[in-house]
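The next block holds one structure in the form of structure tokens; read it before the comments.
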Amino acid sequence: MAKINVGIKFRPNLSSEVEKQDKWIVDGKTIKSVDNKHTLQFEHVFGSTAVTEEVYDALAKPIVKKAFKGYNGTIFAYGQTSSGKTHTMIGKNKMPGIIPLAVRDIFHEINETKDREFVVKIGYIEIYNDKVYDLFEDGKTELSIFESNGHVLVNQKEYVAASEKEVLKKFKMNNKCKRMTGTSTNENSSRSHTIFRITIKSQKKDDAEDSRNSNLFLVDLAGSEKPDASVATTFNEGLHINQSLLVLGKIIRELAKKNSSLKRVNFRECKLARILSPALGGNSYTSVICNVASTVLDETYYTLCFAQSAEKAKTVPKFNLANSTEREFSLLRFSTSSSSSSEASGNVNISLKRKLPFSPLTVSGSPSRIPKRIKPKLSDEMNDHLKQLKLSESSNGEEKEDYEAMIKEKDNIIRNLQEETRELKAEIFQMRGEIKGNNELLIERQQENDESEKKIADFNEEVKLYSAAIRDFQVTIQDFEKRMLEAIEKNNKMRANFDKKFKECNAIIDEKDAEIMEMYKELATQNILMKDKTNIELRNYLKFERSHKLRYTSTRNQFNTLMDQLESKSVTIKEKNDEIKRLQNQLRNYEPMNRGNQGGNDEN
Ligand SMILES: Nc1ncnc2c1ncn2[C@@H]1O[C@H](COP(=O)(O)OP(=O)(O)OP(=O)(O)O)[C@@H](O)[C@H]1O
């Protein structure tokens, strides 16, 4: 049993996150949330400054070494969208990821191993919306998954590659076919899970029996994400991605349970789980690199929980012997001993490489089997021979030798048959498991179906209610239409009346207008007459005024003359009065003298 190796890799904060606060702190092997709610510990923790090569050395290199020795290996990157999975698995020229580093090591190891011959084959598939596509083909034709001898196989294309350079060239070229899109969190977000498979076959030069065959699966999972309902395609992709990751999480949790049993795990819920079943619960050494971002609280916590479960899960890696029926070694040989020509990578010499161009090979199907209909025939034959064998016990030496050879041959047939029977039994056992799984699925689907039917019945009830309401509404509409027609008719009549009245009024108005015009004309005539009369009167008045003024002036003059005369008379009178007064005074002065003279006359 082997434990799944788990590591946590924090990516550096992105330029778009400068304003965000860190939600997680890394302290050695401990990861703490800033709010102190979560503290988790892992064997391998890589902070944001760690380079991919460190991750590779701790989590991938040991698996590559095991693959080289004939054990299957799987390395996969897990994490929310934009957490750095693709950066970890593929990387950039300046910081190569796990895939280029593994390819480098494989060819380095081939070069160092002088006593073996190698064949390296590569295949590249993607799982998009729960369908498998070949990235070494057009990426559009759906591939099928099948199982043989307990192995999950995909009918993908494989290429035989001779050097590190050749592998990486092919990988990079076809990686462009991978489904990517820009999302709100990652402008180059993977929309599919990709699995790059490197098959390493080797055989000892002086011992054909010493052969190994292993597969290395390098998996870049699509990231879990919050589905964006505004974009239909991305929403659908997001649902499939999340669904497959949920299944993966469920499987990991089940495997992490104490006394977990593979029988309880349903790898058939999605294609990703089915293809990764050897990595999760089967024959493989496995590492999981959990990518996280320190600025994200919840999703990082979910990833860390997944990592904790994954740490508890175990696999059962087995040494894989190469199938002796496979013919690659007789066709293609990587040989490190004959060093006549040097490859671009500087590592490997390949005999026959030039004769066999870089060409696709389809994965071989299920092994050859004895068809059912031949089996009874074979056993009859065997029984005959056994009878003959018994008879031959009494025969001479020559016949005995023949019989011994025949026994050997038949023994071989029996062994082969027994082997086949064992395989068939194993297959039947597995198929029973699958049937059971399918039955469970069927029951689940039946339940779903029942629920759907109930929903449909409820919906039909609702439709009935709505239909009655629609009928009522239609009656109301008809009534309303009738009343509207009546209103229109009434309105038309009123309009006709109004038009008639309007015409009559217009005629009256015209008549009155004519009358007014006449009156205006008369008024104008009278105005002229009045003006003439007024002018005459005005002229008469002016004439009168002038004569009056003249008379007034002469009267005034007369008055003035009279006034002058009056004044002069007044002056004269005053003078006379003054004269009188003076005379009187004179008179008074004479009077006493007179009295004296006259002796007592009157006083005057
Ligand atoms: N270790 C790192 N150093 C520098 N940049 C990194 C690192 N890891 C990730 N990044 C950057 O973070 C961004 C997101 O990374 P990446 O595309 O690898 O995420 P992802 O998990 O594969 O996302 P998705 O699931 O959406 O495909 C990229 O711009 C990438 O260059």
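The values are calculated or read from the model by the stated rules, or taken from the named source; none is laboratory data. Just so it is clear, the structure is predicted and the values come from calculations on it, not from any experiment. Virtual Cβ from ideal backbone geometry, glycine too; neighbours counted across all protein chains shown. For the accessible areas, the whole protein counts, side chains as well, though only heavy atoms, and no ligand, DNA or RNA atoms are used. Shrake-Rupley method; radii C 1.70, N 1.55, O 1.52, S 1.80 Å.
A few comments on the model shown:
- Unmet requirement for T74, which otherwise passes all of (1) buried (at least 20 other Cβ atoms within 10 Å of the Cβ); (2) within 15 Å of the ligand (Cβ to nearest atom); (3) within 20 Å of T303 (Cβ to Cβ): (2)
Here is a yes/no grid of residues against (1) modelled with pLDDT of 85 or more; (2) among the charged types (D, E, K, R); (3) open to solvent by less than 90 Å² (accessible area, probe 1.4 Å):
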residue: N449; (1), (2), (3): no, no, yes
residue: R471; (1), (2), (3): no, yes, no
residue: Q478; (1), (2), (3): no, no, no
residue: F502; (1), (2), (3): yes, no, no
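- Residues that are in a strand (DSSP E or B) and of a type in the set (A, V, I, L, M, F, W, C) were ranked within the range 4-22; the one that is farthest from the ligand (Cβ to nearest atom) is V6.
- Some residue of the range 164-175 being crowded, with 17+ Cβ neighbours inside 10 Å and in a strand (DSSP E or B): no
- Test set (1) of a type in the set (S, T, Y); (2) open to solvent by 40 Å² or more (accessible area, probe 1.4 Å); (3) within 16 Å of the ligand (Cβ to nearest atom) - T88 fails condition number: (2)
- Cβ-Cβ under 7 Å pairs, at least 6 apart or on other chains, the range 15-29 side over 18 Å from D298 (Cα atoms) and open to solvent by 100 Å² or more (accessible area, probe 1.4 Å), far side aromatic (F, W, Y) and part of a loop (DSSP other than H, G, I, E, B): K29/F42
- Given (1) part of a helix (DSSP H, G or I); (2) touching a His at 6+ places or on another chain (Cβ under 8 Å), number of the condition I127 does not satisfy: (1)
- The set of residues from the range 91-112 being over 17 Å from R197 (Cβ atoms), touching a residue at least 24 places away in the same chain (Cβ under 8 Å) and within 14 Å of the ligand (Cβ to nearest atom) comprises G91, M95, P96.
- Of all residues in the range 57-71 being touching a helix residue (DSSP H, G or I) at 6+ places or on another chain (Cβ under 7 Å) and surrounded by fewer than 24 Cβ atoms within 10 Å (Cβ to Cβ), the one that is modelled with the lowest pLDDT: F68
- Cβ-Cβ distances below 6 Å connect no pair with a first residue in the range 126-155 that is of a type in the set (G, A, S), a second residue that is open to solvent by less than 20 Å² (accessible area, probe 1.4 Å), and a separation of six or more residues or different chains.
- The range 182-202 - residue that is in a strand (DSSP E or B) and modelled with pLDDT under 90 and, of those, surrounded by the fewest Cβ atoms within 10 Å (Cβ to Cβ): S189
- Filter pass, E109 being assigned by TED's automatic domain parsing to the domain that holds Q243 and open to solvent by less than 10 Å² (accessible area, probe 1.4 Å): no
- Residue check for E209: outside any helix (DSSP H, G or I), in the same structural domain as L280 (by TED's automatic domain parsing) and exposed (fewer than 14 other Cβ atoms within 10 Å of the Cβ): yes
- So E147, is it away from the ligand (no atom under 15 Å from the Cβ), in contact with a Lys or Arg (Cβ under 7 Å, 6 or more places away or on another chain), acidic (D, E) and assigned by TED's automatic domain parsing to the domain that holds F68: no
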